[in-house]
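Student: Below is the structure I would like to discuss, written out as structure tokens.
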Amino acid sequence: MLLLIDRFTGARKGLDGLTKLAKLDFLLRYPAMLDRLMVGDGISWPPGVQPTSAERLAVESRMTRYKYGPWDQRYYGILGSLVARDLITYRAPDRAEFRITASGAVAAAMLAETDEWAVVAKRVNLLKKHFNKSGSSLKTLIYDRLPDAVDRPWRTEI
């Protein structure tokens, strides 16, 4: 979450909306699903970033099918924890906007340099470059092109 919010925070705007955050998180957690979208759009994986065979069969942690597609009930707790640690800010005039703080940017940069998170950070860059769309557009993309991820009853595991 921290790496996503860091990369999608710009000079004037942060990561706009819980829907966008959830859909980007879904594509990050399920690289096999991201691969299907990339192949369909003719996008190639940068060297060393493509999903491993193990990642194509498993995920970091499961998400559930909810109203607007993939969702994780832990979002509120994780985001609250990041705000409490002064790593991100949260603003919600009409809808949620998440922005990285100065200390959050330092933490994200340090995290991205570690062996455990370097590939994830590169995949976040890939998402920013090719899938920086509104939450609604990402939801539609997932519904249209990854129906097996959403064609199931609410609250079932994906």
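The values are calculated or read from the model by the stated rules, or taken from the named source; none is laboratory data. Please read all numbers here as calculations on a predicted model, not as lab measurements. No Cβ is skipped: glycine too gets one built from the backbone with ideal geometry, and neighbour counts run over all protein chains shown. Note: accessible area is taken over every heavy atom of the protein model, side chains too, but ligands, DNA and RNA are not part of it. Shrake-Rupley method; radii C 1.70, N 1.55, O 1.52, S 1.80 Å.
Student: Whenever you get a sec, compute what percent of the accessible area on the chain sits on carbon and sulfur atoms (1.4 Å probe).
Tutor: Solvent-exposed carbon and sulfur of the chain make up 54 percent of the total.
Student: Excluding Asp6 itself, what net charge comes from residues whose Cβ is under 11 Å from its Cβ, given Lys and Arg +1 and Asp and Glu -1? Intermediate values should be presented prior to the final figure.
Tutor: On the way: positive: Arg7, Arg99, Lys128; negative: none.
So the environment of Asp6 carries a net charge of +3.
Student: Under a crude label model (7 Å from the Cα following the beta-carbon direction), how far is Val49 from Tyr143 in nanometres?
Tutor: Once both label points are built, they end up 2.8 nm from each other.
Student: Note down the accessible area of Lys139, probe 1.4 Å, to the nearest 10 Å².
Tutor: 60 Å²
Student: I would also like to ask the following. Report the Rg/Rh value for the chain, based on alpha-carbon coordinates and the Kirkwood definition of Rh.
Tutor: Values: Rg = 15.1 Å, Rh = 16.1 Å.
Rounded to two decimals, Rg over Rh is 0.94.
Student: Just order 95-101, 37-43, 22-28, 4-10 by mean Cβ neighbour count inside 10 Å, highest at the front, would you?
Tutor: Values: 95-101: 19.1, 37-43: 12.7, 22-28: 23.3, 4-10: 21.4.
Output ranking for 95-101, 37-43, 22-28, 4-10: 22-28, 4-10, 95-101, 37-43.
Student: With a 1.4 Å probe and all protein chains left in place, how much accessible area per residue does the chain have, in Å²? Kindly include the intermediate steps, with their values, before the conclusion.
Tutor: Working: 8620 Å² over 158 residues.
Here the per-residue accessible area is 55 Å².
Student: If you don't mind, another one. Taking the Cα centre of each part, how many Å lie between region 101-123 and region 1-60?
Tutor: Centre-to-centre (Cα) distance: 15 Å.
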